[in-house]
Amino acid sequence: MLDSFGREIRYLRLSITDRCNLRCRYCMPDEGVPLTAHDDLLRYEELLRVAEAAVSLGIDRFKVTGGEPLVRRGCTGFIHALKALPGVRQVTLTTNGLLLPPLLDELRAAGLDGVNISLDTLDNVQYQRLTRRTHTADEVLHAVRLCAARLPTKVNAVLLPETTDQLIPLAELAQTLPVDVRFIERMPLGTAQTGQTASADVALDRLRMHWPQLKPVIEPRGNGPARYFRAPGMQGCIGLIDAVSHGFCDRCNRLRLTSTGLLKPCLCYEQGAELRPLLRGSADNTTLQSAIRAAILQKPAAHCFQQRENITEHKSMNQIGG
């Protein structure tokens, strides 16, 4: 389906929980995180109803997110059911990787098409400082290596001022492993609304100093807006997601569903369609389709990250669906 600006909306991010086994500083507030009551989370059958209605409107690619989606019991079974819906072309998963290794074979059998693993630093001490937990970057790197041998794998690293020395070590994973490493500008939402940011342009300059032959990659490598680059000898690619400094709103193809049922046309604004009352009321699929269609048509032309005073979304990323 086309939105009011002629963009084809084909991609829906489904958050299945706001809970996480980490407390990353840019994603979640300090201790005392307000968590949603279990009964307020959408049930798996409700999420599948939304997906089925979305498919009828032309949305055929889904990303399962959280919080950390693997902390919710039954996630693998949900992915299996989601991928089995008629018309669904692709289901992928975003995870911090810590719970991934024992579930890999089960996820492959469920039909999962790919995995994005969050890893902002390879330094164990720094990883613990950023995540405010005792897990290590080595544990995540182990998951990356296992996953890369079984499923298409991307590593997502948020660009942070304190991790500038990790840019090249993280990018080198694309040299030694068949993975794409993407560097993401931190969006000014939730706990990241204040503080310093790091620029994708600066990161690209540093990457080109290390790999002078780094060239743009033309072929598409996913459903999102990343710009990809590759140097000779790389098994994977290096990607940049620069929503703040450059923006790609004219090509935005996605919606986001929070774990409580708010369908968000744009990450930047709090507005959205409340689907949970429809799902738990007497609404039929036609009514649900109409609500999703209305959300698509309400999708704004662009975000306002450069005018922070206009941002109306103040929830943390785990609540929105990272």
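The values are calculated or read from the model by the stated rules, or taken from the named source; none is laboratory data. Note that the coordinates shown come from a computational prediction; the quantities given were computed from them, not determined experimentally. Cβ: placed from backbone, ideal geometry, glycine included. Neighbour counts: every protein chain shown. Protein only, heavy atoms only, side chains kept; ligands, DNA and RNA dropped before computing areas. Shrake-Rupley method; radii C 1.70, N 1.55, O 1.52, S 1.80 Å.
Here are the numbers for this structure:
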{"item": "Selection within segment 73-102 - open to solvent by 10 Å² or more (accessible area, probe 1.4 Å), part of a helix (DSSP H, G or I) and touching a helix residue (DSSP H, G or I) at 6+ places or on another chain (Cβ under 9 Å)", "result": "THR76, GLY77, HIS80, ALA81, PRO101"}
{"item": "Residue within segment 194-213 that is at pLDDT 90 or above and assigned to a strand (DSSP E or B) present", "result": "no"}
{"item": "Test result for ASP113, over 20 Å from CYS75 (Cβ atoms), within 20 Å of the chain's Cα centre (by Cα), surrounded by 16 or more Cβ atoms within 10 Å (Cβ to Cβ) and not β-branched (Val, Ile, Thr)", "result": "no"}
{"item": "Some residue of segment 32-53 being β-branched (Val, Ile, Thr) and within 26 Å of LEU297 (Cα to Cα)", "result": "yes"}
{"item": "Odd one out for ASN124, checked against (1) closer than 23 Å to PRO69 by Cβ; (2) at pLDDT 95 or above; (3) over 20 Å from the mean Cα position of the chain (by Cα)", "result": "(1)"}
{"item": "Residue within segment 8-18 that is open to solvent by less than 20 Å² (accessible area, probe 1.4 Å), more than 16 Å from the chain's Cα centre (by Cα) and among the small types (Gly, Ala, Ser) present", "result": "no"}
{"item": "Some residue of segment 19-28 being in a loop (DSSP other than H, G, I, E, B), open to solvent by 10 Å² or more (accessible area, probe 1.4 Å), in contact with a His (Cβ under 9 Å, 6 or more places away or on another chain) and in contact (Cβ under 8 Å) with a residue 12 or more places away in the chain", "result": "yes"}
{"item": "Check on PRO277, in a loop (DSSP other than H, G, I, E, B) and either surrounded by fewer than 19 Cβ atoms within 10 Å (Cβ to Cβ) or not small (Gly, Ala, Ser) (or both)", "result": "no"}
{"item": "Residue within segment 233-248 that is touching a helix residue (DSSP H, G or I) at 6+ places or on another chain (Cβ under 8 Å), under 25 Å from ASP113 (Cα atoms) and among the aromatic types (Phe, Trp, Tyr) present", "result": "no"}
{"item": "Those residues of segment 212-228 which are hydrophobic (A, V, I, L, M, F, W, C) and either crowded, with 21+ Cβ neighbours inside 10 Å or under 16 Å from the mean Cα position of the chain (by Cα) (or both), in sequence order", "result": "ALA226"}
{"item": "Residue check, ARG49 open to solvent by 40 Å² or more (accessible area, probe 1.4 Å), in contact (Cβ under 8 Å) with a residue 40 or more places away in the chain, touching a strand residue (DSSP E or B) at 6+ places or on another chain (Cβ under 9 Å) and under 29 Å from PRO277 (Cβ atoms)", "result": "no"}
{"item": "Residue in segment 127-141 that is at pLDDT 95 or above, exposed (fewer than 15 other Cβ atoms within 10 Å of the Cβ), not acidic (Asp, Glu) and not in a loop (DSSP other than H, G, I, E, B) present", "result": "yes"}
{"item": "Hits in segment 214-251 - residues which are outside any loop (DSSP other than H, G, I, E, B), touching a Phe, Trp or Tyr at 6+ places or on another chain (Cβ under 8 Å) and at pLDDT below 90", "result": "ILE241, ASP250"}
{"item": "Filter result for the condition that a residue is under 15 Å from the mean Cα position of the chain (by Cα) and of a type in the set (Ser, Thr, Tyr), over TYR26, TYR44", "result": "TYR26"}
